[in-house]
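> I have a structure I would like to understand better, so I am pasting it below and will then ask my questions one at a time.
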Amino acid sequence: MRTVTAALRAKGLDETTATLATESGGTVFRVAYARWVASDADASFADLIAEVATELRAITSSEGRR
């Protein structure tokens, strides 16, 4: 993951933003992958990534923090 963080830094992101983006992306990937391999549903991996990313946005938005 350090390579991804470094690439984001090279694109102009500050260290904190690059790290948050990398770690969050990795978490979304891992959770979606776990759902995909364990799922009996017909959801595609891409759909599961989108679903998990939406869940992450919901819990990190100002509306999700109550």
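The values are calculated or read from the model by the stated rules, or taken from the named source; none is laboratory data. Predicted model, so just to flag it, every value in this text is computed and none were measured. Counting neighbours? That spans all protein chains shown, and the Cβs are built from the backbone with ideal geometry, glycine included. For accessibility, only protein heavy atoms count, side chains too; no ligands or nucleic acids. Shrake-Rupley method; radii C 1.70, N 1.55, O 1.52, S 1.80 Å.
> Restricting the search to region 41-54, which residues are in a helix (DSSP H, G or I) and either surrounded by 12 or more Cβ atoms within 10 Å (Cβ to Cβ) or small (Gly, Ala, Ser) (or both)?
Within region 41-54, Phe45, Ala46, Asp47, Leu48, Ile49, Ala50, Glu51, Val52, Ala53 meet the criteria.
> Please work out which one of (1) β-branched (Val, Ile, Thr); (2) modelled with pLDDT under 95; (3) closer than 21 Å to Val4 by Cα is the condition Val31 fails and give its number.
All conditions pass for Val31, except number (2).
> Same structure again: In this structure, does Ala38 turn out to be open to solvent by 70 Å² or more (accessible area, probe 1.4 Å), among the hydrophobic types (A, V, I, L, M, F, W, C) and at pLDDT below 95?
Answer is yes for this residue.
> Considering each residue of region 16-41, count those that are touching a Ser or Thr at 6+ places or on another chain (Cβ under 9 Å) and not charged (D, E, K, R), and give that number.
Summing the residues that are touching a Ser or Thr at 6+ places or on another chain (Cβ under 9 Å) and not charged (D, E, K, R) in region 16-41 gives 6.
> Just to be sure before I move on: is Ala18 part of a helix (DSSP H, G or I), open to solvent by 50 Å² or more (accessible area, probe 1.4 Å) and among the hydrophobic types (A, V, I, L, M, F, W, C) in the structure I sent?
Considered against the rule, which asks whether it is part of a helix (DSSP H, G or I), open to solvent by 50 Å² or more (accessible area, probe 1.4 Å) and among the hydrophobic types (A, V, I, L, M, F, W, C), Ala18 comes out as no.
> Can you pull out the residues in region 45-66 that are among the small types (Gly, Ala, Ser) and modelled with pLDDT of 95 or more?
The answer is Ala46, Ala50, Ala53, Ala58.
> Give the residue, chosen from Arg9, Arg30, Arg57, that is free of Cβ contacts under 8 Å to residues at least 12 places away in the same chain, surrounded by 14 or more Cβ atoms within 10 Å (Cβ to Cβ), assigned to a helix (DSSP H, G or I) and of a type in the set (Lys, Arg).
Selected residue: Arg9, the only one of Arg9, Arg30, Arg57 that is free of Cβ contacts under 8 Å to residues at least 12 places away in the same chain, surrounded by 14 or more Cβ atoms within 10 Å (Cβ to Cβ), assigned to a helix (DSSP H, G or I) and of a type in the set (Lys, Arg).
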